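Trainee: Just dropping this structure here.
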Amino acid sequence: MAKLPFERPIIKKINIGVPNKIGMKTEYTPITEIDGVSVKQMIKEYGSPVYVISEKTIRETYKKAYSAFAVRYPKIQFAWSYKTNYLNAVCKTFHQEGSWAEVVSGFEYDKAIANKVKPQHIVFNGPDKSREDLIKAIKNQSLIHIDHFDELYTIISLTSELNETPKVAIRVNMDTGVYPQWSRFGFNYDNGEAWDALNRIMISKKLDLIGLHAHIGTYMMTAEAYKIAGQKLSDLAVKLKEKYNHTIKYIDFGGGFASKNTLIGAYLPGSDTCPSFDDYAEAITSSIINSKIKPDDFPTIMLETGRALIDDAGYILGTVLANKKLADGSNSTVIDVGVNLLFTSFWYEHQITPAQEFSPYTENTTIYGPLCMNIDVIRRSANLPIMKKGDNFVISRIGAYNMTQWMQFIALRPKILMIDLKGNVHIIRENEKLKDIVSMERTPEHLNNFDV
C-alpha cells in the first residue's frame, strides 16, 4: 500500500452559539452590499472581478488613527504612503484629511506633485533616488530622508552646484527586539553608523538637518518595538543638542502598523491579535515624552502608516468559475480572482464571503484563481459555505498593495470603483484593454509578414 501524502493538521476555532439542524452556526454571514450599494449590482454593471474602495472607511479609519495620537501628544503629522496605494482618488482622500505625501521613487514624487501636494510636504524616502530626483527635491525644498553614505555625499556635492540648502533627515535602522531586524535600509544605530552620518552632516554645514527617521519593519505585531525605536531616536536627538546645540524638528516613525488581516499560519485572527492604534500611539508618544528631550524641544511625530489605514477600505468582488475534486479527494473552488490581482494572498488568509444567502453547511476547500500556473492559490485551506458556479463573493481587507503590486499577466486588469460618502459609485480606474497593452510594443518590420 502506497504511503499517503502528509497533510498538516488544522485547528479550527469554534464559534459558540445556538446550533441549527446542521450543527453549530457558521462564522459567515453574506456580504450583499458595501456602504449601501448592492454587490451583485456592481458586478452586473461593472464586470467581474472588480475592485471597490470605500471612501467612508478611509476617512473613518484615518480619523481614528489621528485621534489616537493627537490626544496623547500635541504635534502629529501623517504622511500617506504612496507605495501602499497610489490611486489618485485614494491619495487625495488622505490629503483632504490633512495627510502629507511619503514617496520612495521619482515616479511617486511626480505623482504627488501632480496631485498638488505642496513640495515641502513631501517626504522622499528610499535607497534609489537618482541625481535628477535629488536635484528636483532639493530645489523644491522637499524633505529628503538619506538612506546611505553615497546618497549623503551626492547631496553634499549638489549643494555647491545648486546653491541650495537641502532639508534632510537620515533613516536609522536598529535592534528593537523584533526578528528579522531590518538593516538593509538607512544607517545603523547600534554600531554607531547613524551617529557618524549625523556628525558628517553637521560638520559639512551645507545641509539643514531637520529630522530623524526609522521604519523598523512591516506588519509589526508588538507596539513595544516602536517604544524602543523612539528611545534610540530620542537619544540621537539629545546628543545633537548637546554637541551642536541643534534641535531636531521631527521624528518620523515610518509605518509598519499591522492591519486586521490574518497572516498565513496564524491560529487566532488578526482582528484579535493585532495592536490597536491606541497601542501604537501609547508606545510611540511615551518614548518621546519620557526621553531626555526638553519639552520646549519636543519634535513633531511623523507617521507614514499605509496598510493599517487602507486595508479595511478595499474589497474585490468576483465570481465562482467551477468546483472540482482533486486527485487526493479534497475539494477545490476556482474563482476569477488570481494572485495577479491579489498579491497579498501569498501572506494573508483573506476572508472570502459569499454575496448571496447560502446553506449553513461548510466544507474545507482550496481556493484557486484562474491563472494557468500552479502557484495561483488564494487560500490553501478555507472552511467555506458551498458556492456553485456563477455565485458571487467578496474578498475583504485588500486595500493595501494589491493595486500597486498587481500584474498584467494572462488577463487584463479590471475596473476600480470608489463608493463616496453619499453612496454614489465612481470609476476611479478603468479596466485595461488590449490596445493599452500593445500601444507600447514595437514590432520589427520583417516580422509582420507570415502565413499561418
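Coordinate-derived values only; no laboratory data. These numbers were taken from a predicted model, which means no experiment stands behind them. Don't worry about glycine lacking a Cβ; one is built from the backbone with ideal geometry, like all the others, and counts go over all protein chains shown.
Trainee: Of the cross-linked pairs 44/92; 139/260; 83/118; 118/205, which ones have a Cα-Cα span greater than 30 Å in the structure shown?
Mentor: Result: 139/260 exceed 30 Å.
Trainee: Still on this structure, I have one more. What is the gain in length, in nm to one decimal, between residue 427 and residue 374 on full extension, counting 0.36 nm per residue of separation less the C-alpha to C-alpha distance?
Mentor: Net length gain for the segment: 15.9 nm.
Trainee: Now for a different question. Would you mind ranking 62, 73 by Cβ crowding within 10 Å, fewest neighbours first?
Mentor: Ascending number of Cβ neighbours within 10 Å: 73, 62.
Trainee: Explain nothing, just the number: dipole magnitude of the chain about its Cα centre with +1 on each Lys and Arg Cβ and -1 on each Asp and Glu Cβ, in debye rounded to the nearest 20.
Mentor: Numbers: 53 positive and 51 negative charges, 120 e Å.
With only Lys, Arg, Asp and Glu charged at Cβ, the dipole is about 580 debye.
Trainee: Within the chain, what's the longest run with no GluC sites (Glu not before Pro) in a DSSP loop and at most 10 other beta-carbon atoms within 10 Å? Give the range, please.
Mentor: Details: sites that count: 7, 357, 441.
With GluC sites (Glu not before Pro) excluded where exposed in loops, the chain gives 8-356 as its longest stretch.
Trainee: Could you tell me the calculated FRET efficiency between residue 60 and residue 235, based on Cβ-Cβ distance and R0 = 45 angstrom, to the nearest 0.05?
Mentor: Efficiency at R0 = 45 Å is approximately 0.80.
Trainee: Right, something else. Please report 150, 391 as a ranked list, fewest other C-beta atoms within 10 angstrom at the top and most at the bottom.
Mentor: 150, 391
Trainee: So which chymotrypsin sites (Phe, Trp or Tyr not before Pro) in region 214-268 are both in a DSSP loop and have at most 10 other Cβ atoms within 10 Å of their Cβ?
Mentor: Values: sites: 219, 226, 244, 250, 253, 257, 267; in loops: 219, 253, 267.
Filter output for region 214-268: 267.
Trainee: What list do you get for 69, 450 if you sort them by fewest beta carbons within 10 Å?
Mentor: Details: 69 23, 450 5.
Ranking 69, 450 by Cβ neighbours within 10 Å, fewest first, gives 450, 69.
Trainee: What trypsin sites (Lys or Arg not before Pro) does region 89-162 have in DSSP loop regions with at most 15 other beta carbons within 10 Å?
Mentor: Sparse-neighbourhood loop trypsin sites (Lys or Arg not before Pro): 116.
Trainee: Could you work out the relative contact order of the chain? I mean the mean sequence separation of Cα pairs under 8 Å and 6+ apart, divided by the number of residues, in percent.
Mentor: 18
Trainee: Where both residues lie in the chain, what percent of DSSP beta bridges are antiparallel, nearest 5?
Mentor: 45
Trainee: How big is Rg to Rh over region 55-311, alpha-carbon atoms, Rh as the Kirkwood inverse-mean-distance radius?
Mentor: Ratio value, two decimals: 0.95.
Trainee: Tell me, how many Å apart are the Cα centres for region 132-194 and for region 35-68?
Mentor: When both Cα centres are located, 37 Å separates them.
Trainee: Starting from the Cα-Cα distance between residue 149 and residue 206, subtract it from 0.36 nm times their residue separation and give me the gain in nm to one decimal.
Mentor: Residue separation times 0.36 nm, minus the Cα-Cα distance, leaves 19.0 nm.
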